[in-house]
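Any read-out appearing in this document is the output of simple, stated calculations on the displayed coordinates, not a laboratory observation. A quick note: this is a predicted structure, and the numbers were derived from the prediction, not measured. Methodologically, a virtual Cβ is constructed for each residue, glycine included, from the backbone with ideal geometry; neighbour enumeration extends over all protein chains shown.
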Amino acid sequence: MIWDWEFAWTVLPDLLDALIVTVEAALIGFVIAVVLGLLIALARRSDHLWLRLPVAGVAEFIRSTPLLVQLYFLYFVLPGFGFQMTAFMTGVIGLGLHYSTYTAEVYRAGLDGVPRGQWEAALSLDFSLLHTYRAIILPQAIPPMIPVLGNYLIAIFKETPLLSAITVLEMMQVAKITGSETFQYLEPLTIVGLLFLIVSLISAVGIRQLEKYLHVPHAR
């Protein structure tokens, strides 16, 4: 195989358009993951057994099954029950739901890391549970979580090629379509790999800067 620069420049605009779709899917999926993950973590800390056990069971089930299987289920099975969504929406919900079970564990570790004296002080001041979490616990628990949550953002971004299985036109899907139409796979797949690398490196640098801004321990 010989690299064809002219062909590479020809397919680059389509791949850059697909990059936008890829980044959007990763970012929306990450937002869903961090919000839902916090809710799962709080539910699993609840004193109510009727809430804690079902949430724990569902979270373990999702974390223990492949993301690709979950995407197929959401896209091909749920419509049979009346839940019709676009491929893109299905993809971001699948990413967010799957990774929320991992971010929930990050939240759990962060919340457990807050000194017990902080909880006791809030209790002695008769703060509500909501106020305790919002004003005292979460501001202390979240900064140390930033490096791990950042790693999950990059992981979600690198998982987006799975969305091609449900027809989302992200970078990998566009590269495969281009290759099948032209029988030239070298250039599109190489460009996709480089774009993944560049965005991942930029994300890593941004996360490191956020760590420094929040004075996260061990951030350099």
query: Counting Lys and Arg as +1 and Asp and Glu as -1, each charge on the Cβ, what is the dipole of segment 20-167 about the Cα centre in debye, to the nearest 20?
result: 80 debye
query: Among Ile40, Ile177, Ile32, which one moves the most in a GNM of the chain with springs linking Cα atoms closer than 10 Å?
result: Ile177
- request: Give the distance, in whole Å, between the Cα centre of segment 1-54 and the Cα centre of segment 99-119.
  value: 22 Å
task: Give, in nm to one decimal, the length gained when the segment between Lys176 and Thr10 is fully stretched (0.36 nm per residue of separation minus the Cα-Cα distance).
output: 58.2 nm
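Subtracting the Cα-Cα distance from 0.36 nm times the residue separation, let me have the gained length for Gln84 to Asp112 in nm, one decimal.
Gain in length upon complete extension: 6.2 nm.
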query: According to the Cα gyration tensor, what semi-axes, each the square root of 5 times an eigenvalue, does the equivalent ellipsoid of segment 20-167 have, listed from largest to smallest in whole Å?
result: 32, 17, 12
query: Which of Ile20, Ile156, Ile146 moves the most in a Gaussian network model of the chain with Cα springs under 10 Å?
result: Ile20
Residues Phe30, Phe7, Phe88, Phe81, sorted so that the one with the fewest Cβ neighbours within 10 Å comes first: Phe81, Phe7, Phe88, Phe30
- prompt: How many nm is it between the label spots at Leu214 and Asn151, if each spot is 7 Å from the Cα in line with the beta carbon?
  reply: 1.5 nm
- line: Ranking Val174, Val34, Val23 by how far each Cα lies towards the positive end of the charge dipole of the chain (+1 on Lys and Arg Cβ, -1 on Asp and Glu Cβ), the top one is Val34
message: Helix 87-112 against the longest principal axis of the chain: what's the angle in degrees, Cα atoms only, rounded to the nearest 10?
response: 40 degrees
field: Value of [θ]222 nm, deg cm²/dmol, for the chain, DSSP H segments ≥ 4, -39500 (n - 2.57) each, nearest 500
entry: -24500 deg cm²/dmol
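By count of other Cβ within 10 Å, fewest leading, how are Ser46, Ser100 ordered? Working shown, then result.
Numbers: Ser46 13, Ser100 26.
Listed from fewest to most nearby Cβ atoms, that is Ser46, Ser100.
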field: Ranked list, fewest to most other Cβ atoms within 10 Å of each Cβ, for Trp5, Trp119
entry: Trp5, Trp119
